[in-house]
1. Any idea of D241's accessible area? Nearest 10 Å², probe 1.4 Å.
2. Magnitude of the Cβ-charge dipole of the range 193-273, K/R +1 and D/E -1, about the Cα centre, nearest 20 debye?
3. For the range 8-139, what is the accessible area per residue in Å² when the probe is 1.4 Å?
4. Enter the accessible area of W91 (Å², nearest 10), with the probe set to 1.4 Å and all protein chains included.
5. May I ask you to derive the FRET efficiency for E178 and D254 from their Cβ-Cβ distance with R0 = 41 Å, giving the value to the nearest 0.05?
6. Excluding Q251 itself, what net charge comes from residues whose Cβ is under 14 Å from its Cβ, given Lys and Arg +1 and Asp and Glu -1?
7. Using a Gaussian network for the chain with springs between C-alpha atoms less than 10 Å apart, which of these wobbles most: R29, R149, R248?
8. Report the residue, chosen from R219, R142, R151, that carries the largest GNM mean-square fluctuation when the chain is represented by alpha-carbon nodes joined by springs under 10 Å.
Amino acid sequence: MLRILLGTQLRRLRQEKKISRHDAGYAIRASHAKISRMELGQVSFKRRDVDDLLKLYGVDDPQQREALLGLISSANAQGWWHKYGDVLPQWFGVYVGLEESASVIRTYEVQFVPGLLQSEGYARSVIRLSRTATSDDDVDSRVMMRMHRQRRFMEPQAPRLWAVIDEAVLHRPYGDAEVMRGQIEHLIEMALRPNITIQIATFAMGGHPAAGGPFSILRFPTPQLPDVVYLEQLSSALYFDKYEDTNRYSQTMDHLATQAPPPSATEGILRGFLERYP
């Protein structure tokens, strides 16, 4: 997916300068067919080739250049999640790759606590419900992968995570009282982190524009890469990167965040639910 996104930006830059694939290929000592494959994300990228193309396309801003060049290693490399390939569906592997490169993630969830905010005990209870987790080893691997995904949000210069969680999630128990209490305490702790914002979409809000279901919006460090909307389904996922789609979801998330109680109210709401799990 990162190769596709980078290739899309290279194609846009080339077309803006009205440069043919043949001339672009000549600039990097290659054929027009290679330019086509690069723009479609079908091949890996060499830094020298991308650097030469950016010069040809008149991209002189050092920050913009480094942002695009910095994606090359991520686009080419096999990520840490590939070692979980035996339990990781291919369609979700694409999402994890995007998540690793995102600078901002906004997510709305209606059934589970978002994976990036799950405690280990809660994650284990949720994963055990999956019919695709066929053994204890499968469950352990999936829990480990979920915990690994969270590490990036604890590091210096961590990406920003903004989660709106429907109140129904807190009413639905996964695991025993100890697991649920641990999960709610974990949410309170995570909400204190400077890069994490959590809001609870309470029942008192009534109807809201996100009634269609959960979704996530991923934004990347450079404005040249489009936002990506991720919709997870039972055994597959949908990805949108066209502006008319992503803008609609962004507006929906903005409305949700405006209608829900502010982040400053989150701790009080969560502590109210702690009383249910003594």
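The values are calculated or read from the model by the stated rules, or taken from the named source; none is laboratory data. Everything numeric here is computed off the predicted structure, so don't read it as measured data. Ideal geometry is used to build each Cβ from the backbone, glycine not excepted, and the neighbour counts take in all protein chains shown. For the accessible areas, the whole protein counts, side chains as well, though only heavy atoms, and no ligand, DNA or RNA atoms are used. Shrake-Rupley method; radii C 1.70, N 1.55, O 1.52, S 1.80 Å.
1. 60
2. On the way: 5 positive and 7 negative charges, 45 e Å.
Roughly 220 debye, rounded to the nearest 20.
3. Working: 6850 Å² over 132 residues.
Per-residue accessible area for the range 8-139 comes out at 52 Å².
4. Estimated to the nearest 10 Å², W91 gives 60 Å².
5. FRET efficiency, E178 to D254: 0.65.
6. On the way: positive: R106, R248; negative: D227, E244, D245, D254.
With Lys, Arg at +1 and Asp, Glu at -1, the net is -2.
7. Among R29, R149, R248, the largest mean-square fluctuation in the Gaussian network model of the chain belongs to R29.
8. Maximum among the listed residues: R151.
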